[in-house]
């Protein structure tokens, strides 16, 4: 009996050591499964608890170095708590449980075309121009409810036109979103550019998303430019009879 007890203690000690020293490469397996392959961790070093590697988004051909720390004790109640940071940046704080996740202080900056490809936006706008800065003060999902505050700025935004030299300049587009029950709802507006934009964007707790906006060529454009913009907008939306075009898209989770 003592021999069996000693063997049991030895196996438990070895299992604990393996858990503590588990290689950081195991993190990629979990990230791959959670994001359906949209995000990967490559060139991982260190351990599951304290590691570093390259966070990559294959669809957008993005890659940047990150480091993470995962706390051990929350695992006792089946939750993962930790931090993630780029080199020199303020860390993102996250908590993930069976029916909840909580993310704070998340900031992203990437090209518009990379972001649109990542979220599965329609191919017709895949060549969008400009840069998108996203700041998530806090985003909490608890069961089927979302709460939090998200801001996005699409700077020097543009969409493909009927010709390579006839892009639609959107100016600077701003989205301010907040959690409302089971959805994150944000308003869309812009300044500058060739068009006026007004509408909403929604994101559901399950990861689905939708955009419903009106885009109207600005007054004062010459006839050639206005007709070119109208032709381009007719490819991604439909005329509403008032000179504006309604853009309505949904993106599955």
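What the table shows:
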{"item": "By average C-beta atoms within 10 angstrom, highest first, the peptides 67-77, 135-145, 185-195", "result": "185-195, 135-145, 67-77"}
{"item": "Potential extension, residue 178-residue 248 segment - 0.36 nm per residue separation minus Cα distance", "result": "23.2 nm"}
{"item": "For segment 99-253, alpha-carbon Rg over 2.2 N^0.38 Å", "result": "1.08"}
{"item": "Percentage relative contact order, segment 99-253, counting C-alpha pairs under 8 Å, at least six apart", "result": "16 percent"}
{"item": "Gain upon complete extension [residue 144, residue 239; 0.36 nm per residue less C-alpha separation]", "result": "30.7 nm"}
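Each reported figure results from applying straightforward, stated rules to the coordinates on display, with no laboratory input. This structure is a prediction, so every number in the text was calculated from the model and none was measured. Glycine gets a Cβ as well: all are built from the backbone with ideal geometry, and neighbour counts include every protein chain shown.
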